[in-house]
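Structure, as structure tokens:
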Amino acid sequence: MTVSNNLQQIQSKIAQACDKVGRDTEEITIIGVTKYVTIERTQELLATGNKDIGENRTEEFLNKFEVIGDEANWHFIGTLQSRKVKDIIEHVQVIHSLERESVAKQINNRSDRPIDCFVQVNVSGEEAKHGLDPEEVLPFIKKLAAYDKVNIVGLMTMAPHIKDRDEIRVVFRRLAQLRDNIANEQLTHAPCTKLSMGMSNDYDIAIEEGATHIRIGTELVGSTNDSR
Ligand SMILES: *Cc1c(COP(=O)(O)O)cnc(C)c1O
């Protein structure tokens, strides 16, 4: 399937999910996750007009950035080591995976402009997952007031790899509630109005639960060079 066909199908599924809960499709940003695919496939996505691209490893991000440059809005969605921040910070629009103060400090030291960041939360409590426990999130965000280049726009999570869609929904709902609690604090450095949640298997549920940024790889560009 062409990326353009895939995108159309995703857009119609987004429209259905929005319809169901009375949301406007304009509220949803589709981040095309290109970590599994080539630069050519990534360019095919850009040609559709979808400019938001997500990568999860600094090396691969830099490979693609070298060719594509600022034609894309780059979202960094993977675990970020503080010593790697300096390599990417000039080129990224949004970081979705903030979970350590050392990374916030590096962003603050290395960036010449404010960077929009999501704080990653491990809602389901799975051992292998990155992100903060829900109760750690507010204290962590309060500490980030010290770093004026770090702008906390929202929270991010990954749902567990399970079949039970109700259980996935509970995870997204809990993230939305946590987001509301933090937004209510009205912290200047943390408006925290957005939700980065939903991937190929569960973005419809995520949208019903309030996602503003969905991160889609497999269903949009495929998981190898030209699949799907
Ligand atoms: C790989 C990845 C995605 C996309 O996953 P798909 O299931 O291929 O849509 C989304 N978010 C993060 C953080 C990822 O690492």
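The values are calculated or read from the model by the stated rules, or taken from the named source; none is laboratory data. Worth saying up front: this structure is predicted, and the values here are computed from it rather than measured. All Cβ positions, glycine included, derive from the backbone under ideal geometry; neighbour counts span all protein chains shown.
Just one of (1) at positive phi; (2) small (Gly, Ala, Ser); (3) touching a residue at least 24 places away in the same chain (Cβ under 8 Å) trips up Gly125, so point out which.
Result: Gly125 passes all but (3).
Would you point out which residue out of Thr193, Thr224, Thr188 is within 26 Å of Val37 (Cβ to Cβ), surrounded by fewer than 22 Cβ atoms within 10 Å (Cβ to Cβ) and among the hydroxyl-bearing types (Ser, Thr, Tyr)?
Selected residue: Thr224, the only one of Thr193, Thr224, Thr188 that is within 26 Å of Val37 (Cβ to Cβ), surrounded by fewer than 22 Cβ atoms within 10 Å (Cβ to Cβ) and among the hydroxyl-bearing types (Ser, Thr, Tyr).
Looking only at residues that are within 16 Å of the ligand (Cβ to nearest atom) and charged (D, E, K, R) in segment 60-83, which one is surrounded by the most Cβ atoms within 10 Å (Cβ to Cβ)?
If we take residues in segment 60-83 being within 16 Å of the ligand (Cβ to nearest atom) and charged (D, E, K, R), then Lys64 is surrounded by the most Cβ atoms within 10 Å (Cβ to Cβ).
Go through (1) modelled with pLDDT of 95 or more; (2) within 28 Å of Arg41 (Cβ to Cβ) and name the single condition Gly222 misses.
Status for Gly222: all satisfied but (1).
For the list (1) out of contact with any Lys or Arg (no Cβ under 6 Å at 6 or more places or on another chain); (2) touching a residue at least 12 places away in the same chain (Cβ under 8 Å); (3) surrounded by fewer than 17 Cβ atoms within 10 Å (Cβ to Cβ), I need the number of the one condition that Ser12 fails.
For Ser12, the exception is condition (2).
May I ask you to list the residues in segment 181-228 that are of a type in the set (D, E, K, R) and either under 18 Å from the mean Cα position of the chain (by Cα) or within 16 Å of the ligand (Cβ to nearest atom) (or both)?
Matches in segment 181-228: Lys194, Asp202, Asp204, Glu208, Glu209, Arg215, Glu219, Asp226, Arg228.
Please determine, by comparing only the residues of segment 154-180 that are within 16 Å of the ligand (Cβ to nearest atom) and among the aliphatic types (A, V, I, L, M), which one is surrounded by the fewest Cβ atoms within 10 Å (Cβ to Cβ).
Result: Ile162.
Please work out which residue is farthest from Ile88 (Cα to Cα), limiting yourself to segment 114-148 and to residues that are more than 20 Å from the chain's Cα centre (by Cα) and at pLDDT 95 or above.
Here the residue is Glu135.
Got a sec? Which helices (runs of 4 or more DSSP H) wholly within segment 1-96 have at least 1 residues that are closer than 21 Å to Val119 by Cβ?
58-68, 85-88
Go through Ile168, Ile214 for me and flag whichever is touching a residue at least 40 places away in the same chain (Cβ under 8 Å) and at negative phi.
Ile214
If Ser223 passes every condition in (1) touching a Lys or Arg at 6+ places or on another chain (Cβ under 8 Å); (2) assigned to a loop (DSSP other than H, G, I, E, B) but one, which one does it miss?
For Ser223, the exception is condition (1).
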